[in-house]
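The values are calculated or read from the model by the stated rules, or taken from the named source; none is laboratory data. Just so it is clear, the model here is predicted, and its values are computed rather than measured. For neighbour counting, all protein chains shown are included, and Cβ atoms are generated from backbone atoms with ideal geometry for every residue, glycine included. Heads up: the accessible areas ignore ligands, DNA and RNA and are worked out on the full protein's heavy atoms, side chains in. Shrake-Rupley method; radii C 1.70, N 1.55, O 1.52, S 1.80 Å.
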Amino acid sequence: MDTAEKIILFCFLLQAVCRRDFSISLPQKIEALSGSCVIIKCRFEIQEQYDKNLTERATGQWLKNGTDVKNNLVFNSSTSSQKSFMKGNITGKLKDKNCITVFHDLRSIHSGQYYFRIEGEGGLKWTYTETSVSVHVIDSPPKPTVQLYVEQKEVQDQEEVLEGSSVSLRCSAETLCSSPPPTLTWSSTPRIPLSESIRLEELISDLNFTATHRQHRVTFTCTITYQLQDETKTAQDSITLHVQYAPKISPSSSCTRTDVTVCFCEADGNPSPELEWHLSGRPVTNSSNTFISEERLSSTGLRSSITLHQALTHTSTLQCVSRNTHGNASQLFQLPSSVARLNLSVLIGVVVVALVVMMMCAIIYTCVR
C-alpha cells in the first residue's frame, strides 16, 4: 500500500469516527425535595443531516417510565406546562442543542425514569431511548456535614483540641433546587460570638475562632433551611468540641476562721487536674495538725479543703497548687498570725468596754435631767 492509499484510508476512517450521531448527556440520578423544583442538566447531539431541521421552532419533550410518546409523554415545551403532568420549562436553547430543564412543585408521584425527545422540522423526530435520568423525590432534605479543622488540618474521631488553637468548623451541604436558594446557619449552646463567612454558591459555611476552655463540650449545630411555598424544611448536623486546657483556680477559693482555719481551693482543667497544699513552700499531707479532703465537682473540676489546727496558725503563707499535663496554676492564701489574732481580740474588748461606759453615762445623764 503506497502513501497515497494510506492517506485516503486514514481520511475515510477519520470521517467515520468523527461522524455525528444521535446522543445525549444526562445525569444518572437526581434527588429533588418534595414541594420544590429540580434542574435537569441536558445536552444532545443529532446527525448532521438534520442540522437544518433544528430551528427556533423545535420542541423538547420528556417521557416518564417509558419511551412511547402516546402513553408516556408528561411534558411538551410547545404546550402550556399548566396542562402537563410536569410543570416547568426548558431553559436551554434547543437550537443550540441545550435541553436544560426545570420542573416545579414536585411530589412523590413525580419520581421515575425520564427520557428526552427532540422534534424539529422535516424528519427530525428522535427519542433518546438509550440514556435516561432517574428523578427521586424525597420528603426531607439531606442533612449537612460538619467537619473540624485544627490549624488548617482536618481532625477525625473527635480528637481533643488544645486551648489557643486555631479552629475552623466547616459545614457543607448538598444543594437541591429551590427558590429562594437554601441557606446555612450556625448555632451553639451556649451561644458565643463567632466570625462567619459563607459561600452560598457552594453551600459551604465556615466558623473560624480560637479555642478557649469556655468552649469545652459546647455543641455547634449547622442547619440547612429550605423556604418552600407551603412550608419550611430543615436538616442539621452537630459537633461537640472537646478542648484541653491548663488548670484554672476559681476566684471563690478562700479561707475561714473559727476554732480552726479551713481553706477551700477549686480548680478546673482538662484533663482533670491534681491539687496540692503547700505550707511555707513545702507540700502538706494529712497529719495530726492538718486534714485534707477532696471532692470531684465534674469531669474537669476538683475541690480540695484543708483544716489547720492552732499549732500551724503561726504559718504566714498557705498555697494551693493545681497541675495537669498542660500546665499549672497556684493561689496564695494569707493566714493571720497568733499575735495578730491576739491584738484583734484586745481591740474588740476595748471597743466593747467603751460602748458599755458610753451607755452608762448616757443613762446617768438622762436620770439627772
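Applying a threshold of 24 Å to the alpha-carbon distances of K41/K87; K64/K93; K83/K143 flags K83/K143 as lying beyond it. With the simple spin-label model, which puts each label point 7 Å out from Cα in the Cβ direction, the Q47 to T317 separation comes to 10.0 nm. Solvent-accessible surface of protein heavy atoms, probed at 1.4 angstrom with all chains present, puts V137, V69 in the order V69, V137, largest first. Sorted largest first by accessible area at a 1.4 angstrom probe radius, with every protein chain in place, the residues K29, K87 fall in the order K29, K87.
Dipole magnitude for the range 45-192: about 900 debye, using +1 per Lys or Arg Cβ and -1 per Asp or Glu Cβ, origin at the Cα centre.
The label-point distance for F22 and H278, in a model that sets each label 7 Å from Cα toward Cβ, rounds to 9.0 nm.
Per-residue extension of 0.36 nm, minus the Cα-Cα distance of S78 and S140, leaves a gain of 19.0 nm for this segment. The heavy atoms of M360 present about 110 square angstrom of accessible area, all protein chains included, probe 1.4 Å. Solvent-accessible area per residue in the range 19-72 equals 56 Å², computed with a 1.4 angstrom probe and all protein chains kept. Taking 0.36 nm per residue of separation and subtracting the current Cα-Cα distance, fully stretching the chain between H104 and L355 would add 81.2 nm. Between T240 and E31, the simple label model (points 7 Å from Cα in the Cβ direction) yields a spacing of 2.6 nm. For the range 243-296, a crude dipole built from +1 on the beta carbon of Lys and Arg and -1 on the beta carbon of Asp and Glu, taken about the Cα centre, is about 140 debye to the nearest 20. Computing FRET efficiency as 1/(1 + (r/R0)^6) for E160 and K93, where r is the C-beta to C-beta distance and R0 is 51 Å, gives about 0.35.
For A235, the residues whose amide H sits under 5 Å from its own are I224, ignoring neighbours fewer than 5 places away on the same chain, with H placed 1.01 Å from N.
With R₀ set to 30 Å, the beta-carbon distance separating T131 from T232 gives a calculated FRET efficiency near 0.25. A straight line joining the Cα centroids of the range 78-138 and the range 218-285 runs 59 Å.
R0 = 51 Å: FRET efficiency of R214 with I39, Cβ-based, nearest 0.05? Calculated value: 0.70.
Here T261 sits with roughly 10 square angstrom of accessible surface, probe radius 1.4 Å. Our summary gives the range 57-123 a relative contact order of 41 percent, counting only alpha carbon pairs under 8 angstrom and 6 or more residues apart.
A 1.4 Å probe over all protein chains sorts Y245, Y115 by accessible area into Y115, Y245, starting with the largest.
Can you pull the percent of the range 86-140's accessible area that's carbon plus sulfur, 1.4 Å probe, other chains left in place? Of all accessible area on the range 86-140, carbon and sulfur atoms account for 47 percent. Accessible surface for I100 stands near 50 Å², nearest 10, in the context of the full protein assembly shown (1.4 Å probe).
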